[in-house]
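A short write-up of the structure that comes next.
The values are calculated or read from the model by the stated rules, or taken from the named source; none is laboratory data. In this text, all values refer to a predicted model and were calculated from it rather than measured experimentally. With ideal geometry, Cβ positions are generated from the backbone for all residues, glycine too; neighbour counts draw on all protein chains shown.
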Amino acid sequence: MRKSIIFIKKNYCTYDGKKYDFNEFRELSGLLTSNIKVVILQEELFVSHFENAVRRCKLCNFVDSKIRNDFPQNGDILYDFEKRGNIISIYSIKGSKRVEKVVEKAINIEIKPIQFIIKDALMKIVRDNNRNFKALIKYDTCYYYVSFRDRLYHDGFVSENKHIVEESLLKKGDLEGIYVDDNTVDIISDNNKSKAKKVNIGEFINENIYEKQRFHSRKIF
């Protein structure tokens with residue numbers, strides 16, 4: 001079945017290149033299949049890592065307890081988790097209420113923050129022995145900074161404002177080896193340009209969008 005791909009932003013969503021207000025769902029729902037992929041844009045992705053040897057059979061209980069006790073509960077947060085060795089990573093991102101409006105008639109739902117899509121794209125570029133890396137990518141109207149340690153998402157930020165991005169990067173300090181694209185290479189200071197690695201990541205991002213990691217909300221899914 002054909003998959004409908006929707007981009008969720010802070011104030012509206014886009015489908016097939018057209019903008020829709022979240023109050024225009026009735027018009028949009030008639031265009032969608034029951035198989036929907038949602039890409040979340042313009043939102044910060046947060047992560048907490050826990051070292052715990054909990055068994056797979058008890059993993060969901062551990063994660064659910066952590067979400068209830070350690071994470072904000074405002075009804076608008078989506079969560080996901082993964083376990084690698086003894087490290088359990090719990091991710092959170094805003095957008096549950098917007099997603100809920102869009103997918104209420106869907107049967108099959110996949111939700112991906114753009115940060116995960118950027119990660120999947122970078123995995124096709126980064127060498128196997130490079131386990132710690134960072135990137136500054138512009139997608140649509142926003143700049144996305146992402147960093148990874150041991151190939152796990154560590155932190156990042158999102159902004160449409162170029163000056164805010166520059167200031168945030170200065171606070172980060174060491175940018176040696178950062179991956180950049182045509183839209184972000186000029187943001188890296190002159191002192192760091194020689195250390196940056198320019199990549200054509202856009203095509204890999206689009207490949208991943210139009211073709212894995214699923215978020216869920218305790219409330220919705």
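Flag: Tyr15 matches the condition of being closer than 19 Å to Ile209 by Cα, aromatic (Phe, Trp, Tyr) and over 16 Å from the mean Cα position of the chain (by Cα). Filtered by the rule that a residue be of a type in the set (Lys, Arg) and assigned to a helix (DSSP H, G or I), segment 45-66 gives Arg56, Lys58, Lys66. Do we have any residue at all in segment 67-75 that's in a helix (DSSP H, G or I), under 20 Å from the mean Cα position of the chain (by Cα), of a type in the set (A, V, I, L, M) and modelled with pLDDT of 90 or more? Yes, there is a match, as at least one residue in segment 67-75 is in a helix (DSSP H, G or I), under 20 Å from the mean Cα position of the chain (by Cα), of a type in the set (A, V, I, L, M) and modelled with pLDDT of 90 or more.
Would you mind stating whether Glu176 is charged (D, E, K, R) and either at pLDDT 90 or above or surrounded by 15 or more Cβ atoms within 10 Å (Cβ to Cβ) (or both)? No. Being of a type in the set (S, T, N, Q) and modelled with pLDDT of 90 or more: is that true of Asn130 here? Taking the combined requirement at face value, the residue does not satisfy it.
Among strands (runs of 3 or more DSSP E) entirely within segment 104-205, having at least 1 residues that are within 16 Å of the chain's Cα centre (by Cα) and of a type in the set (Gly, Ala, Ser) singles out 133-139, 142-149, 152-159. For Tyr91, indicate whether it is touching a Pro at 6+ places or on another chain (Cβ under 9 Å), buried (at least 17 other Cβ atoms within 10 Å of the Cβ) and over 19 Å from Lys197 (Cβ atoms). For Tyr91, the condition - touching a Pro at 6+ places or on another chain (Cβ under 9 Å), buried (at least 17 other Cβ atoms within 10 Å of the Cβ) and over 19 Å from Lys197 (Cβ atoms) - is met. Do you know which of the residues in segment 89-148 that are of a type in the set (Asp, Glu) and out of contact with any strand residue (DSSP E or B) (no Cβ under 6 Å at 6 or more places or on another chain) is farthest from Ile201 (Cα to Cα)? Selected residue: Glu104.
Restricted to segment 110-139, and to residues there that are charged (D, E, K, R) and more than 19 Å from Asn183 (Cα to Cα), the residue that is surrounded by the most Cβ atoms within 10 Å (Cβ to Cβ) is Lys112. How many residues does segment 10-41 hold that are touching a Ser or Thr at 6+ places or on another chain (Cβ under 8 Å), under 19 Å from Lys94 (Cα atoms) and not in a strand (DSSP E or B)? Looking only at that region, the number is 0.
Residue by residue, here is whether (1) under 22 Å from His154 (Cβ atoms); (2) among the polar types (S, T, N, Q) holds:
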| site | (1), (2) |
| --- | --- |
| Lys10 | no, no |
| Lys18 | no, no |
| Asp21 | no, no |
| Phe25 | no, no |
| Thr33 | no, yes |
| Glu43 | yes, no |
| Phe46 | yes, no |
| Arg56 | no, no |
| Ser65 | no, yes |
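Scan segment 1-60 for residues that are hydroxyl-bearing (Ser, Thr, Tyr) and surrounded by fewer than 12 Cβ atoms within 10 Å (Cβ to Cβ) and jot them down. Across segment 1-60, there are no qualifying residues.
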